[in-house]
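The values are calculated or read from the model by the stated rules, or taken from the named source; none is laboratory data. These numbers come from a predicted model, not from an experiment. FYI the Cβ positions are ideal-geometry reconstructions off the backbone, even for glycines, and counts take in every protein chain you see. With ligands, DNA and RNA removed, areas are computed over all heavy atoms of the protein, side chains included. Shrake-Rupley method; radii C 1.70, N 1.55, O 1.52, S 1.80 Å.
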There are 6 protein chains.
Amino acid sequence: MEIRTIKSPSKGTIDMLMRRMGANVNKDSICVDAVGLVQGKMLDMIYAADIAEKAVGVTVEDIKGSCPQNMIMIAIFGDTSSVESAIQEIKRNVKKEKDIC
Amino acid sequence: MEIRTIKSPSKGTIDMLMRRMGANVNKDSICVDAVGLVQGKMLDMIYAADIAEKAVGVTVEDIKGSCPQNMIMIAIFGDTSSVESAIQEIKRNVKKEKDIC
Amino acid sequence: MEIRTIKSPSKGTIDMLMRRMGANVNKDSICVDAVGLVQGKMLDMIYAADIAEKAVGVTVEDIKGSCPQNMIMIAIFGDTSSVESAIQEIKRNVKKEKDIC
Amino acid sequence: MEIRTIKSPSKGTIDMLMRRMGANVNKDSICVDAVGLVQGKMLDMIYAADIAEKAVGVTVEDIKGSCPQNMIMIAIFGDTSSVESAIQEIKRNVKKEKDIC
Amino acid sequence: MEIRTIKSPSKGTIDMLMRRMGANVNKDSICVDAVGLVQGKMLDMIYAADIAEKAVGVTVEDIKGSCPQNMIMIAIFGDTSSVESAIQEIKRNVKKEKDIC
Amino acid sequence: MEIRTIKSPSKGTIDMLMRRMGANVNKDSICVDAVGLVQGKMLDMIYAADIAEKAVGVTVEDIKGSCPQNMIMIAIFGDTSSVESAIQEIKRNVKKEKDIC
């Protein structure tokens, strides 16, 4: 799982992400002060999305097109401190509770 | 094969999974107290799905990746103890009866 | 090439396979007492399918969507002993007559 | 590059290949006594197809994978000795004239 | 992440890139004296695009691969010195602020 | 990057390539005495295409469907000596001016 946080993303960056989000997302209501990007296996992305969803003040969306086909990317939008908290929470939890067999 | 269990998944997590399920699934009738996620090779996913289907009290669905055709993950929905039992059952059986040649 | 045999597959497992078979397959006429699954390179799958087709009492279908794109999966349906015979026949022959250059 | 030759392929095997060939192929006119299968990188497949096309008595077709766009395998149809000659010709030439940089 | 800069790209090269850009790009208004190409993981491409967008005098576009959904490369168009500055800026920043867990 | 040159390609080989070229290519005007094939990462293929485009007497086209999805292939058509010159030029330049970070 790889993680990056972009503070004050440019309009073009936001557009690049928005174009890859589902059609039914209310894009105008999302706070885009910062965006955390998390890329990894689908299994881990669903798990990370769940942790981020339970954090406060962020919007979590999955981004189409990362394409090594068992990989997806999620974007976590919000104000900078909320995004950073959500990312911290993911990092704290992600190694837990996973079985490989 | 990698396995994770999410207890009390958030609404957004459920939606992310539901969007990747087939159109003919009756999504309202599924108990989503917990969800077990199993990701791996198609051959192993069909096998794991079969074991989970034979367990009690769970609903098994295949989750599409970004390419519409590829199945890489199954989700096992149900109450927490049923999901955990199904996951245990998969882990007990999955190494059995596989030939590599 | 990886091989698994599922005896008495659940209805959900059968459906998962049927949904990934061609539209022109007469799905009602297939005996689903057991199913052998063989996953591997397309070249080897065509070869394995040919061996299985020449075995007695089984129906061979290719399954869409295994997606590491040069891999496919075939399913061999039939009664348990016919499926096991076909699988044995594949395992006996598959190492033969292949050139790698 | 991997190569297999199937003598007297079953009807189901022929169908599996035909379904993955282009729509504009005159499938009835093809001799299917034997089929040579060659799988590899696109660059090498184009090269192998060219060698086979220049051989006598065979029909060369490219076989699509599960994604409609990708060619990963060619099939060489004909009578057994023609197919074997074409395959020999590919094996004699394929290591020649390739630069890797 | 791999980076190349093409000075005075040929018309055919520009066309090859333009065909892989989104339909809503105003292609006539882009300065094509030079083009910087950056290829890598989606997570890193979004990050690199953001850095380039904040540089002066360049236009940043994402370039689609053969599958319509996957973004694997960005192109940075502009006059030669602007493109080179943007590329330098990406190289200075790209190792920063990435967590792998 | 892998390179092959086919001299006097067969009609079937030309067709196989033409079917994978863009619809807006004037296929009748292309000299097909020889064809150079170059397969590699998209970034390198754009670069190689640009070098070939600047060579004399060749037509450069990108070929769809090589499909390990960050790989593409270009075909360089022309008379034999022009194709060989263009290929030499690619080989002389391709290691230059690439940053990996």
Collect the residues in the range E:48-57 that are surrounded by 21 or more Cβ atoms within 10 Å (Cβ to Cβ) and more than 7 Å from every other protein chain (Cβ to nearest Cβ), keeping them in residue-number order.
E:A48, E:I51, E:A52
Residues in the range F:70-85 that are in contact (Cβ under 8 Å) with a residue 40 or more places away in the chain and either open to solvent by less than 10 Å² (accessible area, probe 1.4 Å) or of a type in the set (F, W, Y) (or both): how many?
5
Return the total of residues in the range C:15-37 being touching a Lys or Arg at 6+ places or on another chain (Cβ under 8 Å) and farther than 25 Å from B:D99 by Cβ.
1
The range B:22-37 residues that are closer than 13 Å to B:V60 by Cβ and of a type in the set (V, I, T), paired with ones that are in a strand (DSSP E or B) and open to solvent by 30 Å² or more (accessible area, probe 1.4 Å) (beta carbon under 9 Å, 6 or more apart)
B:V25/B:T59; B:I30/B:T59; B:V35/B:K7
Could you tell me whether the range F:86-95 includes any residue that is touching a strand residue (DSSP E or B) at 6+ places or on another chain (Cβ under 6 Å) and either within 8 Å of another protein chain (Cβ to nearest Cβ) or open to solvent by less than 10 Å² (accessible area, probe 1.4 Å) (or both)?
yes
On the basis of being more than 28 Å from C:E61 (Cβ to Cβ) and touching a residue at least 12 places away in the same chain (Cβ under 8 Å), does D:I3 make the cut?
no
For the range D:34-44, the count of residues that are within 7 Å of another protein chain (Cβ to nearest Cβ) and either of a type in the set (A, V, I, L, M) or open to solvent by less than 10 Å² (accessible area, probe 1.4 Å) (or both) equals 3
Which fully enclosed strands (runs of 3 or more DSSP E) of chain F have 3 or more residues being at pLDDT below 85?
F:98-100
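Listed here are the residues, each with its yes/no results for (1) surrounded by fewer than 21 Cβ atoms within 10 Å (Cβ to Cβ); (2) in contact with a strand residue (DSSP E or B) (Cβ under 8 Å, 6 or more places away or on another chain).
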residue: F:K7; (1), (2): yes, yes
residue: F:I14; (1), (2): yes, yes
residue: F:M18; (1), (2): yes, no
residue: F:K27; (1), (2): yes, no
residue: F:V32; (1), (2): yes, yes
residue: F:I46; (1), (2): no, yes
residue: F:D62; (1), (2): no, yes
Mind checking which residues of the range C:7-21 are more than 15 Å from B:M42 (Cβ to Cβ), touching a residue at least 24 places away in the same chain (Cβ under 8 Å) and among the charged types (D, E, K, R)?
C:K7
